Amino acid sequence: VQLQASGGGLVQAGGSLRLSCTASGIIFNINDMAWHRQAPGKQRELVAVSSSSGSTYYTDFVKGRFTVSRDNAKNTVFLEMNSLKPEDTAIYYCNLKTPKFLTYWGQGTLVTVSS
């Protein structure tokens, strides 16, 4: 199983970015997909979840600003990030969890938000 994340970059505060994560080597639509992030000197934290049932979950600090979606036909999960803040600066990782609770991680993509 491989997860390839992309879409990170440098953006000014208030700007937007769209992250993508494409999975290979696994049946995609039966798995939950999530985005996590890790800021310098901090622990990795959950950002958003797109479940195999179609439901979504967001942590409080991104509600109303970030949107997670998936395209099962393309084995891809997206994270649309709007109204970015400097505190959103982090490496963003995609995560896949199977129905049997096996977990896989992508390599991460760096998002830098300048003030």
Would you check which residues across segment 64-73 are open to solvent by 30 Å² or more (accessible area, probe 1.4 Å) and in contact (Cβ under 8 Å) with a residue 24 or more places away in the chain and list them?
70, 72
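State yes or no: is residue 70 under 14 Å from the mean Cα position of the chain (by Cα) and either polar (S, T, N, Q) or closer than 20 Å to residue 13 by Cα (or both)? So that I can check it myself, show each step before the final result.
Details: under 14 Å from the mean Cα position of the chain (by Cα): yes; either polar (S, T, N, Q) or closer than 20 Å to residue 13 by Cα (or both): no.
In short, no.
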Which condition number does residue 79 fail, the rest of (1) outside any strand (DSSP E or B); (2) within 11 Å of the chain's Cα centre (by Cα) being met?
(1)
Search segment 94-115 for residues being touching a residue at least 60 places away in the same chain (Cβ under 8 Å) and assigned to a loop (DSSP other than H, G, I, E, B), and hand back the single one that is farthest from the chain's Cα centre (by Cα).
115
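The values are calculated or read from the model by the stated rules, or taken from the named source; none is laboratory data. If you're wondering where the values come from, they're calculated on a predicted model, not measured in any experiment. In this analysis, Cβ positions are derived from the backbone assuming ideal geometry, glycine residues included, and neighbour counts consider all displayed protein chains. Side chains included, ligands, DNA and RNA excluded: accessible areas come from the protein's heavy atoms. Shrake-Rupley method; radii C 1.70, N 1.55, O 1.52, S 1.80 Å.
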